[in-house]
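Quick notes on the structure that follows.
FYI, it's all coordinate maths here, none of it is from the lab. Since this is a predicted model, take the numbers as computed values, not measurements. Glycine also receives a Cβ, built like all others from the backbone with ideal geometry; neighbour counts cover every protein chain displayed.
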Amino acid sequence: MDDAEIERVLVVTAHPDDLDFGAGGTIAQWTAKGIEVSYCICTNGDQGGEDPDVPREEMPKIRQREQRDAGKELGVTNIEFLNYRDGWLEPTIELRKKIVREIRRVRPQRMLIQSPERNWDRLFSSHPDHMAAGEAAIQAVYPDSRNAFAFQDLLEEGLEPWRVLEVWVMSHNDPDHFVDITETFDKKIAALHAHVSQTAHNAEMENMVRAWGERNAASKGLPEGCIAEVFRIVDTK
């Protein structure tokens, strides 16, 4: 679908910062076009961070604050945290229901999720939480969010069935869509810098992310110096 046909996008990821690494430049383009983007982040991120002196019980608050700051850099303020334990996420019925609730609340034409498939070429993109969030999200898209007989108690909350029209999958091992983010790369980096607990220790973070994006662009035949993010698009009509 063309972006002009999209009014709302819901992003579902496992951890704070996942979406900024995977799609920050693309999200910045969507919000600049007037598309309303919402986030649903499954875990509290309590296993993250590099500072051993930060108490673990403080990390969820830190990471949620950082994600809100990062969202502002990309034009996103509607952020829901499901607060599952970091590192323990599973694609349970309970998680599916919570994602269905967000789908029916936000009513997105497009969703952006993580891949439920393991990527053997880029193993770090296949964190177990990422795959669990991706699996639960695609199950929520089909069949649950559109089925009036799935989670019927959500109807009592006024949340009617909703059909998502397409899903964009991040970190897929066989992408079929490339977005040139050269013009919004600075916004992506600003969002990543907002995740201080995760990125401040890495002086080469910007160069690393730029190199990833340049490799993506080169694989698509874009001109030298271009930066791209890649996705697999699934028609879910």
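Helices in the chain, meaning DSSP H runs of at least 4 residues, each add -39500 (n - 2.57). Divided by all residues, the mean residue ellipticity at 222 nm is -12000 deg cm²/dmol. Among the trypsin sites (Lys or Arg not before Pro) in the stretch 1-83, those located in a DSSP loop and surrounded by at most 12 other Cβ atoms within 10 Å of their own Cβ are K33. Given the options M111, M170, M205, state which has the largest fluctuation in a GNM of the chain using a 10 Å cut-off (strictly under) for Cα springs. Result for the chain, Cα springs under 10 Å: M205 fluctuates most. Largest GNM mean-square fluctuation across E57, E73, E90, computed for the chain with C-alpha springs under 10 Å, falls on E57. Excluding same-chain neighbours fewer than eight residues apart, the lysines reachable from K97 by a Cα-Cα span under 26 Å are K61, K237.
Applying the criteria of a DSSP loop state and at most 14 other Cβ atoms within 10 Å to the trypsin sites (Lys or Arg not before Pro) of the stretch 122-167 yields R122, R163.
The alpha-carbon of K220 sits under 14 angstrom from the alpha-carbons of these aspartates and glutamates, leaving out residues fewer than 8 places away in its chain: D174, D176, D180, E229. Of all the options V54, V12, V37, the one that moves most in a Gaussian network model of the chain with Cα springs shorter than 10 angstrom is V54.
Packing around the peptides 39-48, 179-188, taken as the average count of other Cβ atoms within 10 Å per residue, puts them in this order, highest first: 39-48, 179-188. Computed over the chain, relative contact order equals 25 percent, with contacts defined as Cα pairs under 8 Å that lie 6+ residues apart.
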